[in-house]
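Asks: Take a look at this one; I'll ask things after.
Readers should treat all values here as calculations from the given coordinates under stated rules, not as data from a laboratory. As the structure is a prediction and not an experimental result, all values here were calculated from the model. Using ideal geometry, Cβ is built from the backbone for each residue, glycine included, and neighbour counts are taken over all protein chains shown.
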Amino acid sequence: MQPIITDTIRIERLVESEGPLYPLRVLLPDLDESVVEEHRAWLTPRFFHPETRLLVMSLHTFIIRTPQHVILVDTCVGNHKHRPDFGDWHHQRTPYVENLNALGIALEDVDFVFCTHLHVDHIGWNTRLDDGRWVPTFPNATYLFARREWEHWHAYATDPAGPDDPYPPPVRQVLRDSYRDSVLPVVEAGQSELITDGHHIEKGIWIEATPGHTPGNAILRIERDGLHAVLSGDVIHHPLQVVYPEVSSAFCFDPEQSRQTRRKFVEHYADSNALILPAHFATPTAGQIVSNNGSFRFVFRS
Ligand SMILES: [Zn+2]
């Protein structure tokens, strides 16, 4: 993704990993494999890998720089995290910090970290391993969590009775473990702030509630200097869901609410000047939603 630059804002994408990740029916169980043939022209090979037949996904952090602040949105999987059921994520080692430094940002420079939701692939770099302990990666940052989201996952991860949810046991385990190693240490260090719908980080940069994928799922809106950008997190996981907004992911906590939120989102931003920056769209990631004969499609920004 080319940096998005205005007089007072710079948005960049820091990639932790990108490549073929999930079979279509694992991520989007309501879609039939026939959609791959129907949309092959734009889908392969950038968004669907034909040899492995896996959806291509990206895990990345968006970095927003203004004259006042450095803001990170979503922090991927992280290094050294114990994720035994999740392949490459288990004790992963990527040059994420080195790549952040290469953009001219030291860990101490980060003022805010906002996690759109508290799933394992959005919170990992909240903490790093230091002498056997998980400590906040960004020592001067305030970590912003939607209050509703935090309350849900705190209860989920700490209730000795265990959670009541639709997930299979390995997913349940990783959601609990990741909260404990990537969110709780930040809260215990006094670096978290619980925020509500409409919270402004600074002028023209604010949080908006978009529940469904998780109970307190939220997005980040930017409207300033003529730039209209929406960091949409996991409201939409894959560009196929712009064409089929009624299709929720297998990881959505409330698939029906997620469906409603996604449809409203797609209809609201279709044919607008809003630049959409989703959390998992493969390169080039950013683009606009346009209407297309009664349906919708995603037009990537080059
Ligand atoms: Zn995600």
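Asks: Fewest Cβ neighbours within 10 Å first, please rank Val299, Val266 accordingly.
Replies: Sorted ascending by nearby Cβ count, the order is Val299, Val266.
Asks: May I pose another question? Report the label-to-label distance for Glu108 and His80 in nanometres (one decimal), using points 7 Å from each Cα along the Cα→Cβ vector.
Replies: 2.1
Asks: About its Cα centre, how strong a charge dipole does segment 4-300 have in debye, to the nearest 20, once Lys and Arg get +1 and Asp and Glu get -1 at the Cβ?
Replies: My answer is approximately 260 debye.
Asks: Hey, what's the Cα Rg ratio for segment 12-108 versus the globular rule of thumb, 2.2 N^0.38 Å?
Replies: 1.33
Asks: So for the pair Glu151, Ala41, with labels modelled 7 Å out along Cα→Cβ, what separation do we get in nm?
Replies: Result for the modelled spin labels: 4.9 nm.
Asks: Based on other C-beta atoms within 10 Å, arrange Asp159, Asp177 from fewest to most.
Replies: Working: Asp159 11, Asp177 16.
Fewest to most other Cβ atoms nearby, the residues stand as Asp159, Asp177.
Asks: Give the span of segment 222-286's Cα atoms along each principal axis, as three whole-Å numbers ordered largest to smallest.
Replies: Cα spread of segment 222-286 along its principal axes, largest to smallest: 37, 24, 19 Å.
Asks: On each of the three principal axes of the Cα atoms of segment 140-290, give max minus min coordinate, whole Å, ordered largest first.
Replies: Extents along the principal axes, in whole Å: 48, 36, 26.
Asks: With a 10 Å cut-off between alpha carbons and a GNM built on the chain, which of Ala270, Ala250, Ala102 moves the most?
Replies: Greatest mean-square fluctuation among the candidates belongs to Ala102.
Asks: If you take the beta carbon distance between Glu98 and Gln173 as r and set R0 to 25 Å, what does 1/(1 + (r/R0)^6) give as a FRET efficiency, to the nearest 0.05?
Replies: Efficiency computed from Cβ-Cβ geometry: 0.25.
Asks: What FRET efficiency, computed as 1/(1 + (r/R0)^6) with R0 = 30 Å and r the Cβ-Cβ distance, is obtained for Glu51 and Arg10, rounded to the nearest 0.05?
Replies: On the way: r = 37 Å, r/R0 = 1.22.
About 0.25, to the nearest 0.05.
Asks: Of the beta bridges DSSP finds with both residues in the chain, what % are antiparallel, to the nearest 5?
Replies: Roughly 75 percent of the DSSP beta bridges within the chain come out antiparallel.
Asks: Looking only at segment 266-302, which residues have a backbone nitrogen under 15 Å from a spot 7 Å from the Cα of Glu18 in the C-beta direction?
Replies: 277-287, 300-302
Asks: If you average the C-alpha positions of segment 114-149 and of segment 29-48 separately, how far apart do those two centres end up, in angstrom?
Replies: Cα centroid of segment 114-149 versus Cα centroid of segment 29-48: 34 Å apart.
Asks: Once the mean 1/r over all distinct Cα pairs of the chain is inverted, what Kirkwood radius in angstroms do you read off?
Replies: Across the chain, the inverse of the average 1/r is 19.4 Å.
Asks: Only Cα pairs within less than 10 Å get springs; with that Gaussian network setup on the chain, which residue of Pro160, Pro84, Pro211 has the largest fluctuation?
Replies: Highest fluctuation among the options: Pro160.
Asks: What is the spin-label model distance, in nm, from Asp197 to His91 if the labels are put 7 Å beyond Cα along the C-beta direction?
Replies: For Asp197 paired with His91, the spin-label model returns 4.5 nm.
Asks: Continuing with this model, one more query. To the nearest 500 deg cm²/dmol, what mean residue ellipticity at 222 nm is calculated for the chain from DSSP H runs of n ≥ 4 alone, each contributing -39,500 (n - 2.57), summed and divided by the residues?
Replies: On the way: 9 runs with 70 residues, N = 302.
Helix contribution divided over all residues of the chain: -6000 deg cm²/dmol.
Asks: Let me ask something else. What residue among Val183, Val15, Val97 has the largest mean-square fluctuation in a Gaussian network model of the chain, using Cα springs under 10 Å?
Replies: Most flexible of the set in this elastic network: Val97.
Asks: Mind sorting Val235, Val135 by how few other Cβ atoms lie within 10 Å of their own Cβ, fewest first?
Replies: Details: Val235 26, Val135 15.
The order, fewest Cβ neighbours first, is Val135, Val235.
Asks: Between Gln68 and Arg180, what FRET efficiency comes out of the Förster formula 1/(1 + (r/R0)^6) with R0 = 35 Å and r the beta carbon distance, rounded to 0.05?
Replies: Between Arg180 and Gln68 the formula returns 0.60.
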